[in-house]
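Take a look at the structure set out below.
The values are calculated or read from the model by the stated rules, or taken from the named source; none is laboratory data. Since the structure is predicted, the reported quantities are computational estimates derived from the model, not experimental observations. Note that we place each Cβ from the backbone using ideal geometry, even for glycine, and neighbour counts take in every protein chain shown.
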Amino acid sequence: MDLMQFFDMILHVDKTLGILLAQYGVYVYAVLFAIVFCETGLVVLFFFPGDTLLFIAGAACATGQLDPWILMALLITAAVTGNTVNYWIGEAIGQRVFTHNYRWLNKDALHRTHEFFEKHGGKTIILARFVPVVRTFAPFVAGVSDMTHARFQLYNFTGAFLWVVSLVTAGYFFGNLPIVRDNLTIIVMIGVGAAVIPLALGGLYKFSRKMLSR
């Protein structure tokens, strides 16, 4: 298997996890760790399938192919360390990120995440875990914004724990149902929507209160 084939398997992990398990056996834990670490730790890999991976891995736990406790411990660690590396990169670059043209950086996603961060503050690190793309840029923006390391790590661990445990558990109980497997993309989108809608309503509520107080 060449690198491009392996990369394609990662991007379509909902269909290829069984192949990865067959080819790599116990080493698939390292593969899953690397995927989660890269998605959360490297802003250029924001398109990696984090939510889908956790859900499908949970389904594999239900069939005995993976151990749920080992899986969750490893993936929480991957999510925390990935976010920490991303935070350090943002801290090192600082405000230059908004004035320099970095070709490797998606500026639109960066600005959207910065607006999200300005609105929700430190809670962004927790809430963004459930929002693709935003979760990759959130720790980077936290580093740029000079959030203290201790405060960041509190939100970082809390978000990683909730994200991994909730999606792996959901996959464990529902991932092997035919209707779920056949409509996985829609199911994941509904899950993301369930996370985003309360944020939007909360922002609308705060905005309306500000307008009424004028």
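Structure summary
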read-out	value
Residue ranges of helices (runs of 4 or more DSSP H) in the stretch 1-80 with at least 1 members of a type in the set (Asp, Glu) and touching a residue at least 12 places away in the same chain (Cβ under 8 Å)	13-24, 28-41, 50-62
Whichever residue in the stretch 123-149 is touching a residue at least 24 places away in the same chain (Cβ under 8 Å) and in a loop (DSSP other than H, G, I, E, B) and, among such residues, is surrounded by the most Cβ atoms within 10 Å (Cβ to Cβ)	Met147
Matching residues in the stretch 162-180 - criterion: being surrounded by 16 or more Cβ atoms within 10 Å (Cβ to Cβ) and part of a helix (DSSP H, G or I)	Trp163, Val164, Val165, Ser166, Leu167, Val168, Thr169, Ala170, Gly171, Tyr172, Phe174, Val180
Subset of the stretch 53-70 [over 14 Å from Val31 (Cβ atoms) and crowded, with 23+ Cβ neighbours inside 10 Å]	Phe55, Gly58, Ala59
Top-ranked residue of the stretch 150-161 - restricted to ones that are more than 21 Å from Phe47 (Cβ to Cβ) and of a type in the set (A, V, I, L, M), ranked as surrounded by the fewest Cβ atoms within 10 Å (Cβ to Cβ)	Ala150
Hey, Ile179 farther than 18 Å from Ile35 by Cβ, modelled with pLDDT under 90 and under 17 Å from the mean Cα position of the chain (by Cα) or not	no
Residue satisfying condition, being more than 20 Å from Thr81 (Cβ to Cβ) and either at pLDDT below 85 or under 19 Å from the mean Cα position of the chain (by Cα) (or both), within set Thr136, Thr169	Thr169
